[in-house]
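Visitor: One structure, as structure tokens, below. Some questions next.
The values are calculated or read from the model by the stated rules, or taken from the named source; none is laboratory data. Predicted, not measured: the structure shown is a model, and the values here were computed from it. Note: ideal-geometry Cβ built from the backbone for every residue, glycine included; neighbour counts use all protein chains shown.
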Amino acid sequence: MINPRHLAFVQEVVNNSPYFQLLKMRVVKMEPGRAESELDYDKSGQHAFGGIHGGVYASLIDSATYWAAYCDLPEDKGATSIDLQVNFISMTRPGRLHAVGRVIHQGKSTCLCKASVYDAKGRLLAEGTSKLLILEGKQSLKQLMENTGIAGLPPKYTDQ
């Protein structure tokens, strides 16, 4: 069983990482097979024509799908995106954007995930899929701890 204290700790570390801070993005929920991310979209996410930059949707989808897969990975394994496909459905105005990611299939070496992005009114803005390569000893908890200087974190799994 996944340790909720571990998830809360990792979520805090991730939300304070440089890229997440840059985009004002955060993971708001992680559980086996599912994760949610959100950001408060403002003018900093607009392209020259005043619309939302597609990279904002892509970042939300990439985040939600990765963290959905994370919960089912052994502690010594990590993952990285090898294919990210985003379907842009609608533009939006500044406000809170919310992504829900789900694992579709997780094998030994790859994981296929899907995510949808919604505005504050629940209107679908984008959908995407992410194929993740599962890695032995890379993008792992050990590397997270080394990169952030964290000496220890709660165990990922409990016996209960």
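Visitor: Could you grab me the full set of residues in the range 68-82 that are touching a Gly at 6+ places or on another chain (Cβ under 9 Å) and hydroxyl-bearing (S, T, Y)? Quick ask: steps written out before the conclusion?
Guide: Step one: filter the range 68-82 for residues touching a Gly at 6+ places or on another chain (Cβ under 9 Å), giving 68-72, 76-78.
Within the range 68-82, Y70 is the sole residue that qualifies.
Visitor: Can A68 be described as assigned to a helix (DSSP H, G or I), in contact with a Pro (Cβ under 9 Å, 6 or more places away or on another chain) and touching a residue at least 12 places away in the same chain (Cβ under 8 Å)? Spell out how you get there, then give the answer.
Guide: Numbers: assigned to a helix (DSSP H, G or I): yes; in contact with a Pro (Cβ under 9 Å, 6 or more places away or on another chain): yes; touching a residue at least 12 places away in the same chain (Cβ under 8 Å): yes.
Taking the combined requirement at face value, the residue satisfies it.
Visitor: I've got another one for you. Filtering the range 128-156 down to residues that are basic (K, R) and at pLDDT 75 or above, which residue is nearest to F88 (Cα to Cα)? Break it down into steps so the answer makes sense when it comes.
Guide: Filtering the range 128-156 for residues basic (K, R) gives 131, 138, 142, 156.
Retained after the next criterion (residues that are at pLDDT 75 or above): 131, 138, 156.
Numbers: K131: 18, K138: 31, K156: 35 Å.
Looking at residues that are basic (K, R) and at pLDDT 75 or above, I get K131.
Visitor: Within the range 102-160, how many residues are of a type in the set (F, W, Y) and without any contact (Cβ under 8 Å) to a residue 24 or more places away in the chain? Outline the logic, then answer.
Guide: Looking only at the range 102-160, we keep the residues that are of a type in the set (F, W, Y), and these are 118, 157.
Pick out the ones that are also without any contact (Cβ under 8 Å) to a residue 24 or more places away in the chain and you get 118.
Residues flagged as of a type in the set (F, W, Y) and without any contact (Cβ under 8 Å) to a residue 24 or more places away in the chain within the range 102-160 amount to 1.
Visitor: Applying the selection to the range 39-65, what residues are assigned to a strand (DSSP E or B) and more than 22 Å from S130 (Cβ to Cβ)?
Guide: We begin by selecting, within the range 39-65, every residue assigned to a strand (DSSP E or B); these are 39-41, 46, 52.
Within the range 39-65, D40, Q46 meet the criteria.
Visitor: Which condition number does S63 fail, the rest of (1) of a type in the set (S, T, N, Q); (2) in contact with a Leu (Cβ under 6 Å, 6 or more places away or on another chain); (3) buried (at least 22 other Cβ atoms within 10 Å of the Cβ) being met?
Guide: (2)
Visitor: Continuing with this model, one more query. Every residue in the range 18-52 that is charged (D, E, K, R) and loosely packed, with under 13 Cβ neighbours inside 10 Å, please. It would help to see each step written out before you state the result.
Guide: Keep residues of the range 18-52 that are charged (D, E, K, R), which gives 24, 26, 29, 31, 34, 36, 38, 40, 42-43.
Selection gives D42, K43.
Visitor: Condition first: part of a strand (DSSP E or B) and either buried (at least 18 other Cβ atoms within 10 Å of the Cβ) or not β-branched (V, I, T) (or both). Now tell me which residues in the range 109-125 satisfy that. Step through it out loud before you land on a result.
Guide: We begin by selecting, within the range 109-125, every residue part of a strand (DSSP E or B); these are 110-118, 124-125.
Within the range 109-125, C111, L112, C113, K114, A115, S116, V117, Y118, L124, L125 qualify.
Visitor: Would you tally the residues in the range 41-67 being over 15 Å from A115 (Cα atoms) and touching a Gly at 6+ places or on another chain (Cβ under 7 Å)?
Guide: So the first thing to find is which residues in the range 41-67 are over 15 Å from A115 (Cα atoms), and the list is 41-53.
So of that shortlist, the ones also touching a Gly at 6+ places or on another chain (Cβ under 7 Å) come out as 41, 52-53.
Residues flagged as over 15 Å from A115 (Cα atoms) and touching a Gly at 6+ places or on another chain (Cβ under 7 Å) within the range 41-67 amount to 3.
Visitor: Sticking with this one: Being hydroxyl-bearing (S, T, Y) and farther than 20 Å from E75 by Cα is the filter; apply it to the range 126-160 and report the residue that is surrounded by the fewest Cβ atoms within 10 Å (Cβ to Cβ). Show your work before the answer.
Guide: Within the range 126-160, the first condition is being hydroxyl-bearing (S, T, Y), and the residues that meet it are 129-130, 140, 148, 157-158.
From what is left, the residues that are farther than 20 Å from E75 by Cα are 129-130.
Values: T129: 16, S130: 27.
The selected residue is T129.
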